[in-house]
C-alpha cells in the first residue's frame, strides 16, 4: 500500500516529506488555502527527494497550464477534481502530457454510478474516492468493504484507487482495512492548518508497516 501527502506548500513541508519518504507528494494548483503557484511548486520540487513522485492537483484547469508544469518537470502525475471527462484527458495526452491521471470520484457519485452500472472517465489511470473536493471529511467507508456493490464496481473497472477524506493517525488503520492502492492525506497530516512533521512521519510509517508506528 502506498501513501500520498497532499497540500505541500512550504520548504519545511518538503523537509518533512524527504524525511518520511511517502510515495507521493501533492501540490495543489486549484483554489485552496494550500494553493501554490507554478514558481513556488518548481522551487519545492527541486528539493523533493528522488523516488517521491510529485502530483499536481487541479480543478477544471487549462490544459496548457498542466502541460507547462509537466514539461518543466514539476509534476509526474495529474489529479483531477473537477468535471474533467475522457475528452479532456484525451486532449491532455494529445498535447504531450503522458503522465498517469488520477480522477476523483465523490462517494455519493460512486454510489450513483454503482446503482446505474455506469462507467466513468475510463481514460484515467487511477480513481480517488473522496467525500468531496478536498473537503477533509470522512464518508461512510463501509460502502467500500469487499462485499459491497461499490467495491465490486471498482474491481470491475480494472483501476487501482486512492482513498481520501478525513484520514488521520487515529483512523488510518480503519482506512487501510479497505485495501486501497494508496492512502491520500492532507489535513490529517496537519496541526492548526500547518503540516506537522510528527504526523507525516507517523502516517507514512503506519502505511509502510501496515500497523501502528
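No value in this document is a laboratory result; all are computed from the given coordinates. Here the structure is a predicted model, which means the values were calculated and not measured. In this analysis, Cβ positions are derived from the backbone assuming ideal geometry, glycine residues included, and neighbour counts consider all displayed protein chains.
Would you mind ranking 161, 141 by Cβ crowding within 10 Å, fewest neighbours first?
141, 161
For the chain, give me the percentage of DSSP beta bridges that are antiparallel, rounded to the nearest 5 percent.
Values: 2 of 34 bridges.
If we restrict to bridges inside the chain, about 5 percent are antiparallel.
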Spin-label model distance (nm) - residue 1 vs residue 94, 7 Å beyond Cα toward Cβ:
4.0 nm
Put in order of increasing Cβ neighbours within 10 Å, starting from the fewest, 148, 37 give 37, 148
Could you please state, rounded to a whole Å, how far the C-alpha centre of segment 11-59 is from the C-alpha centre of segment 146-213?
18 Å
Could you put 4, 209, 159 in order, starting from the residue whose Cβ has the fewest other Cβ atoms within 10 Å?
209, 159, 4
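So what is the relative contact order of segment 1-85, in percent, for Cα pairs below 8 Å that sit 6 or more residues apart?
Details: 131 pairs, mean separation 22.8, N = 85.
This gives 27 percent for segment 1-85.
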Length-normalised contact order for segment 2-209 - Cα pairs under 8 Å, 6+ apart - percent
20 percent
Global form of the chain, assessed from the alpha-carbon gyration tensor, a/c cut-off 1.5
oblate
Does segment 1-121 classify as rounded, prolate or oblate by the C-alpha gyration tensor (a ≥ b ≥ c root eigenvalues; a/c under 1.5 gives rounded; else a/b over b/c gives prolate, otherwise oblate)?
prolate
Testing the spin-label approximation: label points 7 Å from Cα along Cα→Cβ at residue 64 and residue 145. State their distance in nm.
5.1 nm
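For residue 46 and residue 177, calculate 0.36 nm times their separation in residues minus their Cα-Cα distance, and state this gained length in nm to one decimal. Before the final figure, lay out each step's value.
Numbers: separation 131, 0.36 × 131 = 47.16 nm, distance 3.47 nm.
Value of the extension gain: 43.7 nm.
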